[in-house]
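Chemist: Here it is, the structure in full.
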Amino acid sequence: MNNEIERDGFAIIRRILTGQRCEELISSLGPIRGAGRRGLMSLPVVAALAHSEQLLNLVRPYLPTNATPVRAIYFDKSQDANWLVTWHQDMTLALQARAEVNGFGPWSMKDGVPHVQPPVELLERMLTVRLHLDDADETNGALRVLPGSHRLGRLSSDEIRQLRSEKSDFLCAVSAGDALLMRPLLLHASGRSTSQQRRRVLHIEYAGFALPSELQWHEAA
């Protein structure tokens, strides 16, 4: 799997969670308004899962230092909260406060939390685990990725359009309990759902580096 992630930027790991565990997480996370709920590392059930040996053992082989969970988001795509995500890379970190540090910028605010684009080499030392709590396919917004795009650095809109015209995408069809591991710089997108089937995902980001002393993670504990 190591070669798969380094080559393609992602890997699907089957049956990480049992059906019962998926249902327990859905019950613990509860209903949400809109597309998603952020800042979930403060929830004991999410923090315990993010720090569990099961997930840490998944990500450790792909990070240069100790894996630290730094952000957790719960997405719930349904007929009532149905959105389109255009092709993009995940390029920001959620931090406690803004500080001027060489190589970090530009800054933005999202839901009242400061976000910043770090140097590319730090994004390359991160890995996201997307835990699927429902089956997902092309009818209910399963993620589409562009294999290998994570190796191209930060891409402009024109570069993304050019890549889309040259390369074929891959649909990450998964079952409830499966995990999708992906690099933040991997180009990805998802369509609107055309199904009654919900698509709930617990998204946990891991970092394999320490921030400069002037900066602190918004969620890491």
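The values are calculated or read from the model by the stated rules, or taken from the named source; none is laboratory data. For clarity, every value in this text was computed on a predicted model and none was experimentally measured. Methodologically, a virtual Cβ is constructed for each residue, glycine included, from the backbone with ideal geometry; neighbour enumeration extends over all protein chains shown.
Chemist: Looking only at region 1-36, which residues are of a type in the set (Lys, Arg) and closer than 23 Å to residue 185 by Cβ?
Modeler: If the condition is that a residue be of a type in the set (Lys, Arg) and closer than 23 Å to residue 185 by Cβ, then 7 is the only one that fits.
Chemist: In addition: Looking for whichever is over 16 Å from the mean Cα position of the chain (by Cα), under 30 Å from residue 163 (Cβ atoms) and of a type in the set (S, T, N, Q) here; the options are 78, 52, 108. Which one fits? First the steps, then the outcome.
Modeler: On the way: 78 fails: under 30 Å from residue 163 (Cβ atoms); 52 fails: under 30 Å from residue 163 (Cβ atoms).
None of the other options fit; the residue is 108.
Chemist: Pick from 60, 15, 33, 21: which is surrounded by fewer than 19 Cβ atoms within 10 Å (Cβ to Cβ), in a helix (DSSP H, G or I) and over 17 Å from the mean Cα position of the chain (by Cα)?
Modeler: 21 is the lone residue from the list that is surrounded by fewer than 19 Cβ atoms within 10 Å (Cβ to Cβ), in a helix (DSSP H, G or I) and over 17 Å from the mean Cα position of the chain (by Cα).
Chemist: Cβ-Cβ below 7 Å, separation at least six or inter-chain, first residue in region 88-106 and among the hydroxyl-bearing types (Ser, Thr, Tyr), second part of a loop (DSSP other than H, G, I, E, B) and surrounded by 15 or more Cβ atoms within 10 Å (Cβ to Cβ): which pairs?
Modeler: Sorted first by the residue in region 88-106, then by its partner, the pairs are 92/117.
Chemist: When residues of region 173-209 are filtered for being touching a strand residue (DSSP E or B) at 6+ places or on another chain (Cβ under 9 Å), touching a residue at least 60 places away in the same chain (Cβ under 8 Å) and in a loop (DSSP other than H, G, I, E, B), how many remain? Full working, then the answer.
Modeler: Initially, region 173-209 is screened for residues touching a strand residue (DSSP E or B) at 6+ places or on another chain (Cβ under 9 Å), giving 173-193, 197-209.
Still in the running and touching a residue at least 60 places away in the same chain (Cβ under 8 Å): 174-193, 197-209.
Those still in the list that are in a loop (DSSP other than H, G, I, E, B) too: 175-178, 183-187, 191-193, 197-198, 208-209.
Matching residues across region 173-209 total 16.
Chemist: Just name the residue that is modelled with the lowest pLDDT out of those in region 119-167 that are polar (S, T, N, Q) and surrounded by 17 or more Cβ atoms within 10 Å (Cβ to Cβ).
Modeler: Ranking the qualifying residues of region 119-167, first place goes to 140.
Chemist: Same structure, new question: Given the structure, is residue 7 surrounded by 13 or more Cβ atoms within 10 Å (Cβ to Cβ), among the basic types (Lys, Arg), under 30 Å from residue 121 (Cβ atoms) and in contact with a strand residue (DSSP E or B) (Cβ under 9 Å, 6 or more places away or on another chain)? Please lay out each step first, then the result.
Modeler: On the way: surrounded by 13 or more Cβ atoms within 10 Å (Cβ to Cβ): yes; among the basic types (Lys, Arg): yes; under 30 Å from residue 121 (Cβ atoms): yes; in contact with a strand residue (DSSP E or B) (Cβ under 9 Å, 6 or more places away or on another chain): no.
The answer is no for residue 7.
Chemist: While we're here: Condition test on residue 66, is it among the polar types (S, T, N, Q), closer than 23 Å to residue 4 by Cβ and without any contact (Cβ under 8 Å) to a residue 12 or more places away in the chain?
Modeler: So residue 66 fails the test.
Chemist: Return the only residue of 72, 99, 48, 81 being in contact with a His (Cβ under 9 Å, 6 or more places away or on another chain) and either of a type in the set (A, V, I, L, M) or farther than 30 Å from residue 156 by Cα (or both).
Modeler: It is 72.
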